[in-house]
Amino acid sequence: MPKPTILVTGGAGYIGSHTTLELLLAGFTVVIVDNLCNSSVAVVRRLRELAGPEAPELHFIQADILDRSALDKAFAAHQPHAVIHFAGLKAVGESTRDPLTYYDVNVGGSIQLIRAMQKAGCHRLVFSSSASVYGSTPKIQPIPEHLAPSPSIASPYGKTKAHVEDLLQDWVASDAQVGVTLLRYFNPIGAHPSGQIGEDPKGTPNNLMPYLAQVATQTRPYLPVFGDSYATSDGTCIRDYLHVVDLALGHLAALRDLQLGVCEAYNLGTGCGTSVLELIHLMSETVGRELPYRILPMRPGDVKELRADPSKAQAKLGWVAHRTVKEMCEDTWKWRTLNPHGYETTGNAHEH
Ligand code: NAD
Ligand code: WQD
């Protein structure tokens, strides 16, 4: 029997594209709904190529999740069995400058999506949440799921994730026929080992790895390191980096496990910590030269250390992040060298 259809909002984006590929390879038909505000339609052709001719269909609908009638049409046309909801805005700094837009898209968009699901009788949802729901003063490392939501969430971005988690909890409490899984990602980096899909931020990257990758390709002269006087072994912040392919596979595990009448949260991370200087060192080793960096003042709102306790995902979903930080560096480097200008490299970023 063919596997059911999964609707993936934000499926043209970084994590959504890697997850869509794994869904196709596992035999699911996929419908992407994405307004391309932070992605390129070129990813759709690459996904079809990577999935191969035997893969089920991949449909692409360019639409905004705030556009309820477009969502209703997509649900009516494809009758998805479940939704994986990636679409949203994710720049922490921008969310502080323009909080209303973040609430509008991340919270308002999620409400429109849930209403469209209700109307279509679609009962299963996997939501992209974030380690940012643990706030800026997590008391325990590695962090277990029950510490969220924290009252110390620093940014409007992080607060939108906590609000959507709350509203999904309430939705499930109101209707035993729906089931939701909240996946709290730690720091996804890396790219598909083919080098054909990867992270392609527009403008100056906000996050460490995409910035470092642009230093590696000499698009930027040096990496600004935000602070070296934290109480860590080398003074720089520690994060739990996980390979985006491991993260993508976590969504398949979540879909397999999803139960109606339950809203369950899982950390997706490795449980291991890597400092900023350690990541620079591993990336330098990968590239074959010392990547330049400069120590700058601390970035406001940064947390000294963030590490997942991933044992719940292992025990309940059977999911473990296997790929090493070195593989994350190697795959990022392959993606950047094959696509120094991201999806614009081929000159056909706007083709369907
Ligand atoms: P991304 O920006 O690459 O992907 C998001 C996709 O959603 C993009 O393709 C964008 O065009 C689309 N989109 C945005 N607003 C939309 C709208 N109104 N309607 C339709 N499509 C819209 O980001 P990503 O890194 O792939 O993140 C995916 C999800 O995971 C986001 O919800 C993000 O908050 C969450 N998340 C990301 C990280 C991370 O470090 N990348 C960590 C934790 C959580
Ligand atoms: C990692 C470390 C920086 C850039 C953010 C969001 C979080 C989640 C993942 C979406 C920190 C340092 C960074 C640079 C640097 N996203 N750094 N120079 O801050 O852990 O998490 O992205 O949900 O919600 O808050 O990730 O990659 O920005 O930073 O020194 O140019 O790298 O200070 O210690 P972060 P990051």
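Each Cα pair under 8 Å and six or more residues apart adds its separation to the average, and for region 3-338 the resulting relative contact order is 19 percent. Report note on the peptides 294-302, 68-76, 214-222: ranked by the mean count of other C-beta atoms within 10 Å, highest first, their order is 68-76, 214-222, 294-302. Full extension of the chain segment joining LYS139 with ILE295 gains 53.5 nm, where the gain is 0.36 nm per residue of separation less the Cα-Cα distance.
With Cα atoms as the point set, the radius of gyration and Dmax of region 113-229 evaluate to 18.2, 55 Å.
Quick check for me: using +1 on Lys/Arg Cβ and -1 on Asp/Glu Cβ, what's the dipole size of the chain about its Cα centre, in debye to the nearest 20? Before the final figure, lay out the partial values.
Numbers: 30 positive and 35 negative charges, 22 e Å.
Computed about the Cα centre, the dipole is about 100 debye.
Our note on the geometry: Cα centres of region 23-38 and region 102-169, 21 Å apart.
Excluding ligands, DNA and RNA, the accessible surface per residue across the chain is 42 Å² with a 1.4 Å probe.
Peptides 142-148, 186-192 ranked from most to least packed, by the mean per-residue count of other Cβ atoms within 10 Å: 186-192, 142-148.
Applying 1/(1 + (r/R0)^6) with R0 = 22 Å to the Cβ-Cβ distance of THR324 and ASP302 gives a FRET efficiency near 0.35.
Based on DSSP H runs of at least 4 residues, each adding -39500 (n - 2.57), what is the mean residue ellipticity at 222 nm of the chain after dividing by all its residues, to the nearest 500 deg cm²/dmol? Write down the numbers at each step before the final one.
Details: 11 runs with 123 residues, N = 352.
Result for the chain: -10500 deg cm²/dmol, rounded to the nearest 500.
Our note on the geometry: Cα centres of region 72-101 and region 196-229, 25 Å apart. What's the Kirkwood radius of region 207-352 in Å, using all Cα pairs? About 17.2 Å for region 207-352.
Each residue, GLN169 and THR217, gets one label point 7 Å from its Cα in the Cβ direction; the gap between the two is 4.1 nm.
Taking all Cα-Cα distances within region 32-127, those exceeding 17 Å account for 56%. Carbon-plus-sulfur fraction of the accessible area of region 3-338, 1.4 Å probe, in percent? Ligands and nucleic acids excluded, carbon and sulfur reach 51 percent. State which entries of LYS90/LYS119; LYS161/LYS334; LYS73/LYS119; LYS73/LYS159 exceed 22 angstrom in Cα-Cα distance in the structure shown. Violating the 22 Å Cα-Cα cut-off are LYS90/LYS119; LYS161/LYS334; LYS73/LYS159.
How much length is gained if the chain between LYS3 and GLU54 is pulled fully straight, taking 0.36 nm per residue apart and subtracting their Cα-Cα distance, in nm to one decimal?
Working: separation 51, 0.36 × 51 = 18.36 nm, distance 1.37 nm.
My answer for the length gained is 17.0 nm.
Once the C-beta distance of ARG115 and LEU147 is scaled by a Förster radius of 25 Å, the resulting FRET efficiency is 0.25 to the nearest 0.05. Nearest 10 degrees is fine. How inclined is helix 325-338 to the longest principal axis of the chain, computing both from alpha carbons? Tilt relative to the chain: about 80 degrees. Where does helix 244-257 land angle-wise versus the long Cα axis of the chain, in degrees 0 to 90, nearest 10? The angle comes out near 30 degrees. What the Cα convex hull of the chain gives, in volume per residue, is 129 Å³. Stokes-Einstein, applied to the Kirkwood radius of region 147-199 over Cα pairs at a viscosity of 1.306 mPa s and 10 °C, places its translational diffusion at 115 µm² s⁻¹.
Over region 39-189, what relative contact order in percent results from Cα pairs under 8 Å that are six or more residues apart? Write down the numbers at each step before the final one.
On the way: 171 pairs, mean separation 38.5, N = 151.
Contact order relative to length: 26 percent.
The values are calculated or read from the model by the stated rules, or taken from the named source; none is laboratory data. Quick caveat: nothing in here was measured; it's all calculated off a predicted structure. As a convention, Cβ positions derive from the backbone with ideal geometry for all residues, glycine included, and neighbour counts pool all protein chains shown. These accessible areas exclude ligands, DNA and RNA; they are computed on the full protein's heavy atoms, side chains included. Shrake-Rupley method; radii C 1.70, N 1.55, O 1.52, S 1.80 Å.
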